[in-house]
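Structure first, then comments.
Only the coordinates and a few stated rules stand behind these numbers; no lab work does. Bear in mind that the values here come from a model prediction, so they are computed numbers and not experimental data. Cβ: placed from backbone, ideal geometry, glycine included. Neighbour counts: every protein chain shown.
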Amino acid sequence: MSQHVDVKVAPGAAAVSAPAAERVQPLAELEGQRFKKQRSLWGNAWRQFRRHHMAMAGLVILIFLLLATFVGSQLYGKAIDDIDFTSTSATSSWSHPMGTDSLGQDILARVLWGGRISLSVGIIAALVAVILGTAIGAVSGFFGGFSDSLLMRVTDLFIALPQLPLLLLITYLFRDSMTTFFDDRFNNPNLGVFVLIVTVIGVLNWPLPGWSGQVSSR
């Protein structure tokens, strides 16, 4: 026979009785949920990212390239501008793992040094595209209606633009002004060309196929 706990109630109210075990169990569950650690949005994103095998493989390759270009270029003993006419167009060897070019310069040293610029352009341009695409998608989804339709037409316009000819044209038109501007203020004219290329690539690549489907709230 199960034991019941009688509860006194006010006159006119129905008497309530419940088994003690059934009353204690919900309290224990509530206490467990109270102290349960809640996962954040970044935690959920990282959890899904770890489960994607191709994404993890890409992350490993990216880390390897970053270490090879930014750390390996400092550890590799060959200089990028050393000219040796006695070993021009040489094949792979212990002294030159990737051979030499027509001037006798070590190709591996030049690849490691040039990879720093390529990775910097790619990563920063991707960040520009992500920030711009996310902002436009948020505005489109929040306001909807006319704003959504207008931004979708802008997205279609950017998708239809020829990226490489437009990049070359903008670089040709604004290269001198950007070089002069950064040379006067930062004493680094190459930084102006870098900023110009990164900005143009990021602006032209934000409406990627995966992003264009996220812009519209419909």
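Results, tabulated for the structure shown:
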read-out	value
Per-residue ³J(HN,Hα) for the range 57-65, Karplus 6.51 cos²θ - 1.76 cosθ + 1.60, θ = phi - 60°, Hz, x for Gly and Pro	5, x, 5, 5, 5, 5, 5, 4, 5
Rounded to the nearest 20 debye, dipole of the range 116-218 from Cβ charges on Lys, Arg, Asp, Glu	160 debye
Sorted by Cβ density within 10 Å, fewest first, the residues F182, F85	F85, F182
Dipole of the range 116-218, positive direction: furthest Cα of P162, I124, F142, with charges on the beta-carbon	F142
Per-peptide average of other Cβ atoms within 10 Å, ordering 44-51, 107-114 highest first	107-114, 44-51
Cα-only Debye scattering, the range 116-218: base-10 log of I(q)/I(0) at q = 0.15, 0.24 Å⁻¹	-0.68, -1.18
